[in-house]
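Report on the following structure.
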Amino acid sequence: MVNSRVEASTVAVMGVGGGTACRLCAGCGGRIADRFLLFSMERYWHTQCLKCSCCHTQLGEYSSTCYSKGGMILCKDDYIRLFGHSGTCSACGQSIPASEMVMRAQGNVYHLKCFTCGTCRNRLVPGDRFHYVNGTIFCEHDRPGGGLLGGHPTPLQANSMMSDQKVC
């Protein structure tokens, strides 16, 4: 599956025969002389070099699929943790660029402009307190039923999705 945001690529294990051309590893840049190599994202890799940018799991051993987004190579678990299940804003349904700041609530990811109170439509910013009730975000003052959940509203934090930085 390839779209403008994410590349989910198959990891193929290949044997290297005696007559094959010299292959260079996309991870370390070294010559691949090993008996087996990986082919993923249209590039060749040493088996130990194709790793998740976050958890460093060797992806050839972990799965036959890896994800590439914002210059990172990710296992499925880290992709979902960082970008949500769909890679789209939970409010508007539009894709979120890898370099854009996002807000998170209960495993959902939002554009900054879309992270608004369900009642007053005011945008919530880092430092604001909010409530997440049945899939809807409410500012501290507009929570249905009034009062605080368990006496404490949830503090709001922004998560950065920078394309050139490790975000783990």
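What to note about this one:
- Scanning region 39-62 for residues that are open to solvent by less than 40 Å² (accessible area, probe 1.4 Å) and part of a loop (DSSP other than H, G, I, E, B) yields Met41, His46, Cys49, Leu50, Cys52, Ser53, Cys54.
- Residue check, Gly145 at pLDDT below 85, open to solvent by 60 Å² or more (accessible area, probe 1.4 Å) and touching an Asp or Glu at 6+ places or on another chain (Cβ under 7 Å): no
- Gln94 being open to solvent by 50 Å² or more (accessible area, probe 1.4 Å) and at pLDDT 75 or above: yes
- Test: Ser68 is in a strand (DSSP E or B), modelled with pLDDT under 70 and over 30 Å from Phe130 (Cα atoms): no
- In the set (1) crowded, with 19+ Cβ neighbours inside 10 Å; (2) farther than 30 Å from Gly145 by Cβ; (3) small (Gly, Ala, Ser), the condition left unmet by Gly71 is number (1).
- Where a residue in region 24-47 is under 14 Å from Thr65 (Cα atoms) and its partner, wherever it lies, is part of a strand (DSSP E or B) and of a type in the set (S, T, N, Q), with Cβ under 6 Å and at least six apart: Ser40/Ser9; Met41/Ser9; Met41/Ser68
- Close contacts from region 112-128, counting a first residue that is open to solvent by less than 50 Å² (accessible area, probe 1.4 Å) and a second that is of a type in the set (Phe, Trp, Tyr) and not in a helix (DSSP H, G or I), with Cβ to Cβ under 7 Å and a gap of 6+ residues or different chains, come to Cys117/Phe138; Gly118/Phe138; Leu124/Phe115; Leu124/Phe130.
- Filtered by the rule that a residue be among the aliphatic types (A, V, I, L, M), part of a loop (DSSP other than H, G, I, E, B) and over 24 Å from Leu82 (Cα atoms), region 24-38 gives a lone residue, Ala33.
The values are calculated or read from the model by the stated rules, or taken from the named source; none is laboratory data. Being a predicted model, the structure only gives us computed values, none of them experimental. Please note: Cβ atoms are built from the backbone with ideal geometry, for glycine as well, and neighbour counts cover all protein chains shown. In case anyone asks, the SASA skips ligands and DNA or RNA and just uses the protein heavy atoms, side chains included. Shrake-Rupley method; radii C 1.70, N 1.55, O 1.52, S 1.80 Å.
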